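These notes are about the structure you will find just below.
The values are calculated or read from the model by the stated rules, or taken from the named source; none is laboratory data. These numbers come from a predicted model, not from an experiment. Cβ sites come from the backbone with ideal geometry, for glycine too, and all protein chains shown count toward neighbours. For accessibility, only protein heavy atoms count, side chains too; no ligands or nucleic acids. Shrake-Rupley method; radii C 1.70, N 1.55, O 1.52, S 1.80 Å.
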Amino acid sequence: MIPFNFHTHTTFSDGIDTPEQMVLAAMQKEFEAIGITDHSFTPFDTTYCMQEKNVPVYIKTLRALKKKYAGKIEIYCGIEQDLFSDCDTRPFDYVIGSVHYIKVNGAFYPVDETKDKQLECIEKLFGGDRIAYAKAYYEQVEQMAKQRPTMIGHFDLLTKFGLFDDLGADYEAIAASSMRRVLKTVPIIEVNTGAMARGYRKTPYPAAFLLRTVRECGGEVVLSSDCHDARQLDYAFDATCTELKNAGFSHVLRFCEHGWERRSI
Ligand SMILES: [Zn+2]
Ligand SMILES: [Zn+2]
């Protein structure tokens, strides 16, 4: 079992647990370390993001918890930075760079909110052309990489509702070449079981063919469950380690005080 998770959400954004509840759940699972990464604020969405005024409170709260539980569990203060957020990421231990919206002509359309909203965007803005949508999405992931976050979160989030599963090689070529470009700037890719935990997918992000691309390019992976509910802190970690081994990986990365270290799987 992998005893750490560096992508978790709390009541500071759209998680259901307070940071302390998340830490206690991690300790109950005998985790060595936990990273909390609430959503950075964005100017157009106040429903799931952290509010700008709460950022200092968030940092202070996590510092206090780090002190309180020192010697019992390592606690890190990260942020899940949306492409369209101008949150200053310098105070955080590390940054997950994520794309949650497609921006076209100044309007923002959510990628992963509901299947209907994603379909509406594909229809309205791309005339039903899913390949064109995929290209626009991956261009934005590449823009995210240019901001040099520590890792890229849920690389192929657009596949959450299964709308690209039947496109085969046409889609896969776009995703894999985008992955190769992203890895040149950000060599750490998150392997995320969040959509599995919520019943949307049977396999993690990124898909198996993309994991092979990461391996071929010498990229590194961080395993997480994008946890919004403390009961799912290590959701499908064992099965995902098996999948990673099948893709040729022998280790995942673990964050620690001096940066990232390798942990065998
Ligand atoms: Zn996300
Ligand atoms: Zn997340």
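Tell me whether region 9-22 contains one or more residues that are among the charged types (D, E, K, R), away from ligand 2 (no atom under 16 Å from the Cβ) and modelled with pLDDT under 95.
Within region 9-22, not a single residue is among the charged types (D, E, K, R), away from ligand 2 (no atom under 16 Å from the Cβ) and modelled with pLDDT under 95.
From the residues in region 200-219 that are of a type in the set (V, I, T) and open to solvent by less than 50 Å² (accessible area, probe 1.4 Å), which one is nearest to R254 (Cα to Cα)? Don't jump to the end; show me each part of the working.
Filtering region 200-219 for residues of a type in the set (V, I, T) gives 203, 213-214.
Okay, now just the ones that are also open to solvent by less than 50 Å² (accessible area, probe 1.4 Å), so 213-214.
Numbers: T213: 21, V214: 17 Å.
Across region 200-219, the extreme among qualifying residues is V214.
Give region 205-219 a look and list any residue that's in a loop (DSSP other than H, G, I, E, B) and closer than 17 Å to H100 by Cα, or say none.
P206
Tell me whether region 15-25 contains one or more residues that are of a type in the set (A, V, I, L, M), out of contact with any Lys or Arg (no Cβ under 7 Å at 6 or more places or on another chain) and either buried (at least 23 other Cβ atoms within 10 Å of the Cβ) or over 20 Å from C227 (Cβ atoms) (or both).
Yes: region 15-25 contains one or more residues that are of a type in the set (A, V, I, L, M), out of contact with any Lys or Arg (no Cβ under 7 Å at 6 or more places or on another chain) and either buried (at least 23 other Cβ atoms within 10 Å of the Cβ) or over 20 Å from C227 (Cβ atoms) (or both).
When you go through (1) acidic (D, E); (2) in contact (Cβ under 8 Å) with a residue 40 or more places away in the chain; (3) open to solvent by 10 Å² or more (accessible area, probe 1.4 Å); (4) farther than 12 Å from C227 by Cβ one by one for E30, which number turns out not to apply?
Exception for E30: condition (2).
With the condition kept exactly as written, say whether any residue in region 220-233 is in a loop (DSSP other than H, G, I, E, B) and either free of Cβ contacts under 8 Å to residues at least 60 places away in the same chain or open to solvent by 40 Å² or more (accessible area, probe 1.4 Å) (or both).
no
Part of a helix (DSSP H, G or I), over 23 Å from Y138 (Cβ atoms) and modelled with pLDDT of 95 or more: is that true of K184 in this structure?
no
Considering T42, T10, T61, which residue is β-branched (V, I, T), closer than 19 Å to D93 by Cα and either within 16 Å of ligand 1 (Cβ to nearest atom) or in contact with an Asp or Glu (Cβ under 7 Å, 6 or more places away or on another chain) (or both)? Even if it seems obvious, please write down each step before you answer.
On the way: T42 fails: closer than 19 Å to D93 by Cα; T61 fails: either within 16 Å of ligand 1 (Cβ to nearest atom) or in contact with an Asp or Glu (Cβ under 7 Å, 6 or more places away or on another chain) (or both).
Matching residue, one of T42, T10, T61: T10.
State the number of residues belonging to region 234-265 that are part of a helix (DSSP H, G or I) and among the small types (G, A, S). Spell out the reasoning first.
So the first thing to find is which residues in region 234-265 are part of a helix (DSSP H, G or I), and the list is 237-246.
Those left that are additionally among the small types (G, A, S): 239.
Going through region 234-265 one residue at a time, the tally reaches 1.
Given the conditions (1) more than 24 Å from I79 (Cα to Cα); (2) buried (at least 20 other Cβ atoms within 10 Å of the Cβ), and given that G153 satisfies all but one, which numbered condition is not satisfied?
For G153, the failing item is (1).
Of all residues being touching a residue at least 12 places away in the same chain (Cβ under 8 Å) and over 15 Å from M22 (Cβ atoms) in region 36-46, which is most open to solvent (accessible area, probe 1.4 Å)? Just the residue, please. Explain how you work it out, then say what you get.
Here is the first cut: in region 36-46, the residues touching a residue at least 12 places away in the same chain (Cβ under 8 Å) are 36-45.
Narrowing further to those that are over 15 Å from M22 (Cβ atoms): 40-45.
On the way: S40: 2, F41: 26, T42: 8, P43: 109, F44: 69, D45: 16 Å².
So, considering only residues that are touching a residue at least 12 places away in the same chain (Cβ under 8 Å) and over 15 Å from M22 (Cβ atoms), the one most open to solvent (accessible area, probe 1.4 Å) is P43.
Taking region 92-151 only, how many residues are among the charged types (D, E, K, R) and within 15 Å of ligand 1 (Cβ to nearest atom)?
Going through region 92-151 one residue at a time, the tally reaches 2.
Does region 145-165 contain any residue that is more than 20 Å from K103 (Cα to Cα), of a type in the set (S, T, N, Q) and more than 16 Å from ligand 2 (Cβ to nearest atom)?
no
Please verify whether I188 is touching a residue at least 12 places away in the same chain (Cβ under 8 Å), open to solvent by 10 Å² or more (accessible area, probe 1.4 Å) and of a type in the set (A, V, I, L, M), treating the condition exactly as stated.
yes
Considering only residues that are acidic (D, E), more than 18 Å from F161 (Cβ to Cβ) and free of Cβ contacts under 8 Å to residues at least 60 places away in the same chain, look in region 87-145 and name the one that is most open to solvent (accessible area, probe 1.4 Å).
The extreme case among them is E139.
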